[in-house]
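J.: Below you will find the structure I want to go over with you.
The values are calculated or read from the model by the stated rules, or taken from the named source; none is laboratory data. Because the structure is a prediction, the values reported are computed rather than measured. Cβ placement follows ideal geometry from the backbone for every residue including glycine, while neighbour counts extend to all protein chains displayed. Heads up: the accessible areas ignore ligands, DNA and RNA and are worked out on the full protein's heavy atoms, side chains in. Shrake-Rupley method; radii C 1.70, N 1.55, O 1.52, S 1.80 Å.
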Amino acid sequence: MRAESSAIDRTGIAVSTGVEPPASVPPRGPVPADRRSGTLQAALGVTAFSLTFPATAWGLEGFGPWSLVTVRCVLAAVLAGGCLLALRIPRPARRHLAGLAVVAAGVVLGFPLLTTLALRTSTTAHAAVVVGLLPLTTALFSALRTGARPSRTFWVAACAGAAAVIAFTVQQSGGALTGADAYLFGALLICAAGYTEGGRLARVMPGWQVIGWALVLCLPLSVPGALLALSYEPVHLTAHSVTGLLWVAVGSQFLGLVVWYRGMASIGIPKASQLQLAQPLLTLVWSVLLLGERLTPAAPLTAAAVLVCIALTQRARG
């Protein structure tokens, strides 16, 4: 295997050296500074994702669900494709196409579509249940797909954090299940698969190229889908709807995933995924500030419990 598929630079991303590495030299893992940088990038991705549900709620004020999802995919793909063309990035190797297809199905199309359909009838607080379960599900997918074997401490802390988030978000929604739950749990599974495959690919190509090529691969579906949806669903352009659309397209669909995949490549999929335990709480904060929703007194207690769990998962050996 050539060096471009095995050598790792200081950001944890594979780089091309043009020479065969000695078989006896083990791959060098990230140094502590790289881990701090990777954790910061993953945290920035989580912050971007935490705004997705409120921005989607804004977008639904002026767009139908199918229009919102397909148009956001087209806008993000145009941005990503422009970057790929401007930098003259070569097309990905054929062996990476299957993984990119999983990323496209899970992260570009599946998760946005299913959660948008759910948010027609579900509040952002209830939808945050999905995000609360996503870190644990991603870690499970990672263990099956990449052979990662986190420690027992890691799993105990991850399960405890997920349980805290689930209990809080279910309490916020009154404990009642809605018809949107099928969409939400479907989104959970397909997004975890996309995150896992994207994190694996981010070790052999820059993270922004992973999501960039996944977005471009979706253009044959997203462009005609957008034209069809816009012809059937009425559009009412408002400041909220336009802002929501732009954020989910640029912030959530492209820039957030760029730093997220870079973070996963640096610190590993399981540990990066556990940073998402804070995402539902951030989403609830944005919901209060942007949507006027109200929080219960349980919020600060849950936040403290989640932060403890995050600290334990980050210190546990992966």
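J.: Kindly indicate whether any position in the stretch 290-312 is open to solvent by 20 Å² or more (accessible area, probe 1.4 Å), over 28 Å from R152 (Cβ atoms), of a type in the set (V, I, T) and assigned to a helix (DSSP H, G or I).
T.: No, because not a single residue in the stretch 290-312 is open to solvent by 20 Å² or more (accessible area, probe 1.4 Å), over 28 Å from R152 (Cβ atoms), of a type in the set (V, I, T) and assigned to a helix (DSSP H, G or I).
J.: Yes or no: the stretch 191-201 includes at least one residue that is surrounded by fewer than 23 Cβ atoms within 10 Å (Cβ to Cβ) and under 17 Å from F49 (Cβ atoms).
T.: Looking through the stretch 191-201, at least one residue is surrounded by fewer than 23 Cβ atoms within 10 Å (Cβ to Cβ) and under 17 Å from F49 (Cβ atoms).
J.: Just give me the residues in the stretch 125-152 being in contact with a Lys or Arg (Cβ under 8 Å, 6 or more places away or on another chain) and in a helix (DSSP H, G or I), in sequence order.
T.: Of everything in the stretch 125-152, those that are in contact with a Lys or Arg (Cβ under 8 Å, 6 or more places away or on another chain) and in a helix (DSSP H, G or I) turn out to be A143, R145, T146.
J.: Taking the residues in the stretch 125-140 that are modelled with pLDDT of 80 or more and surrounded by 24 or more Cβ atoms within 10 Å (Cβ to Cβ) as candidates, determine which candidate is nearest to R294 (Cα to Cα).
T.: The qualifying residue nearest to R294 (Cα to Cα) is A127.
J.: Out of everything in the stretch 60-81 that is buried (at least 21 other Cβ atoms within 10 Å of the Cβ) and small (G, A, S), what residue ends up being nearest to T238 (Cα to Cα)?
T.: In this case the residue turns out to be S67.
J.: Let me ask another. Determine whether A57 is open to solvent by 20 Å² or more (accessible area, probe 1.4 Å) and either free of Cβ contacts under 8 Å to residues at least 60 places away in the same chain or of a type in the set (A, V, I, L, M) (or both).
T.: yes
J.: Going through the stretch 82-100 one residue at a time, which ones are aliphatic (A, V, I, L, M), without any contact (Cβ under 8 Å) to a residue 40 or more places away in the chain and either outside any helix (DSSP H, G or I) or open to solvent by less than 30 Å² (accessible area, probe 1.4 Å) (or both)?
T.: Residues satisfying the conditions are L87, A93.
J.: Scan the stretch 220-256 residue by residue and report those that are in a helix (DSSP H, G or I), open to solvent by 50 Å² or more (accessible area, probe 1.4 Å) and either closer than 22 Å to G198 by Cβ or touching a Phe, Trp or Tyr at 6+ places or on another chain (Cβ under 7 Å) (or both).
T.: P220, L221, H240, T243, W247, V250, L255 - these are the residues of the stretch 220-256 that are in a helix (DSSP H, G or I), open to solvent by 50 Å² or more (accessible area, probe 1.4 Å) and either closer than 22 Å to G198 by Cβ or touching a Phe, Trp or Tyr at 6+ places or on another chain (Cβ under 7 Å) (or both).
J.: Can you confirm whether V204 is surrounded by 18 or more Cβ atoms within 10 Å (Cβ to Cβ) and in contact with a strand residue (DSSP E or B) (Cβ under 9 Å, 6 or more places away or on another chain)?
T.: yes
J.: Across the stretch 269-289, what is the total count of residues that are within 18 Å of V107 (Cα to Cα) and either of a type in the set (S, T, N, Q) or part of a loop (DSSP other than H, G, I, E, B) (or both)?
T.: 4
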